[in-house]
1. Quote the FRET efficiency, to the nearest 0.05, computed for B:GLU60 versus B:GLU204 with a Förster distance R0 of 25 Å and r equal to the Cβ-Cβ distance.
2. From the backbone phi of the range A:43-53, what are the Karplus-calculated ³J(HN,Hα) couplings (6.51 cos²θ - 1.76 cosθ + 1.60, θ = phi - 60°) in whole Hz, Gly and Pro given as x?
3. Just how much of A:ARG111 is accessible, in Å², when a 1.4 Å probe is used and the result is rounded to the nearest 10?
4. Given a 10 angstrom Cα cut-off, can you work out which residue in B:LEU99, B:LEU53, B:LEU170 is the most mobile in a GNM of chain B?
5. Convert each backbone phi in the range A:94-106 into a coupling constant with the Karplus relation 6.51 cos²θ - 1.76 cosθ + 1.60 (shift: θ = phi - 60°), then list the ³J(HN,Hα) values in order as whole Hz, x for Gly and Pro.
6. Given a 1.4 Å probe, how much area per residue of the range A:29-211 is accessible, in Å²?
7. Among the listed pairs A:LYS140/B:LYS193; B:LYS107/B:LYS188; A:LYS119/A:LYS198; A:LYS55/B:LYS127; A:LYS140/B:LYS198, give every one whose C-alpha distance is greater than 28 Å.
8. Compare A:GLU70, A:GLU123, A:GLU104 in a GNM of chain A, Cα atoms joined below 10 Å, and give the one with the largest fluctuation.
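The values are calculated or read from the model by the stated rules, or taken from the named source; none is laboratory data. These numbers were taken from a predicted model, which means no experiment stands behind them. Heads up, the Cβs are rebuilt from the backbone with ideal geometry, glycines too, and the neighbour counts pull from every protein chain shown. Ligands, DNA and RNA are excluded from the accessible area calculation, which covers all protein heavy atoms including side chains. Shrake-Rupley method; radii C 1.70, N 1.55, O 1.52, S 1.80 Å.
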Number of protein chains: 2
Amino acid sequence: MSVKSNIDPRNQKLDAFLNDLASSKPAPGGGSAAAVAGALGAALSSMVANLTLGKEKYKEVEGAFETILEKAEKLRNEFLRAIGEDIEAYNEVMDAYGLPKNTEEEKERRREAIQSALKGATEPPFKMAELADEVLELSKECALSGNSHAVTDAGASAILAEATVRTALLNVDINLSSISDSSFVEEKRRKRKDLSQKARRRAEEVVEIMDGKI
Amino acid sequence: MSVKSNIDPRNQKLDAFLNDLASSKPAPGGGSAAAVAGALGAALSSMVANLTLGKEKYKEVEGAFETILEKAEKLRNEFLRAIGEDIEAYNEVMDAYGLPKNTEEEKERRREAIQSALKGATEPPFKMAELADEVLELSKECALSGNSHAVTDAGASAILAEATVRTALLNVDINLSSISDSSFVEEKRRKRKDLSQKARRRAEEVVEIMDGKI
């Protein structure tokens with residue numbers, strides 16, 4: 001019944017992905033867009049690392065930037081993988097809503113399935129926000145001690161990572177709004193708030209470092 | 001001499017585009033990432049429009065959303081076209097720096113060519129910021145009167161459009177920092193500030209409308 005998540009955007013042409021996003025299809029949606037923005041942010045930290053490595057002037061930070069590059073590449077891949085996870089979780093919610101509701105027992109089972117699927121659907125966007133938080137750490141290192149000719153790319157990396165956090169967390173909000181377990185909702189709202197405030201603070205830091213170098 | 005801008009990301013697989021972005025190649029860079037983020041934002045406004053059109057409940061806004069869809073699709077295409085323009089402009093700067101500088105006359109000609117290319121290179125990022133400003137207008141309409149089930153997609157559209165403005169304007173900053181014509185610099189800095197403040201305000205508005213509906 002569910003829309004099968006055979007979307008692997010890595011192998012999709014950008015134009016085709018954007019057409020799917022723009023369509024009325026239930027997926028990809030905002031969650032997938034957040035993940036692509038996160039992948040753009042991670043790629044820009046990779047770029048700064050690649051422009052720093054092998055340069056005499058930055059020999060002292062060679063080791064640090066090898067690690068940054070490795071992490072940034074890993075994060076980029078995880079963002080792209082998260083798209084599939086987000087769509088799967090969304091499908092589970094849709095499947096649960098599609099369960100029969102003829103008897104009281106069926107209604108109860110359906111209600112439980114929906115609640116459980118909604119809780120599950122908060123996980124991929126939280127994961128995206130946490131990945132983006134890691135990108136923000138890398139972009140700060142890039143702005144602080146990477147190739148100064150690429151300092152605006154470090155800033156761009158941070159701005160896109162912050163937008164990823166904010167966009168991904170909208171999917172948390174929409175799911176929390178239908179979850180009846182109030183202690184779950186309260187805990188996740190706190191986590192959501194922490195992640196979004198941290199992202200804002202971190203992005204501001206990177207932009208400040210960058211502004212001092214332009 | 002220049003890196004030829006044969007990049008048409010529309011026909012490139014997402015993975016290949018991200019690999020190019022992450023590499024030490026001079027282009028694509030932050031400007032291209034800004035444009036892709038803008039295309040994501042525009043696609044999300046298209047999505048809300050597509051989820052609004054043809055629904056009995058939203059019959060009253062049918063005409064308005066036909067226009068929104070048309071504009072959003074146009075903006076998405078313009079963002080993707082802007083990538084090529086941004087890379088071309090960058091190449092012109094690189095070409096100018098590559099001009100001979102053996103005689104005083106050559107030095108003067110080179111200096112003028114660099115200054116002119118730098119001024120030209122502020123145009124594509126300004127254009128991207130202006131396109132993103134138009135996306136913000138559309139996402140506000142989407143949040144206000146589009147399908148309420150997709151209100152977070154309208155919010156995501158606005159957040160990504162604001163990130164596009166901020167990211168694109170970094171390329172303005174970096175070019176202005178090397179331009180000696182102070183009245184040009186002053187005028188463009190004013191324009192830059194206006195665009196970035198407007199984007200922030202507009203995105204806040206959309207997020208506020210959205211929050212009221214979740």
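1. For B:GLU60 and B:GLU204, the calculated efficiency is 0.40.
2. Working through the residues one at a time gives 4, 5, 5, 4, 4, 4, 4, 5, 7, 9, 5 Hz.
3. The accessible area of A:ARG111 comes to roughly 110 Å².
4. Evaluated over chain B, the most mobile residue of the options is B:LEU99.
5. Residue by residue, the range A:94-106 yields 4, 4, 5, 4, x, 5, x, 9, 8, 9, 4, 5, 4 Hz.
6. Accessible surface, normalised per residue, equals 43 Å².
7. Violating the 28 Å limit, Cα to Cα: A:LYS55/B:LYS127.
8. A:GLU104
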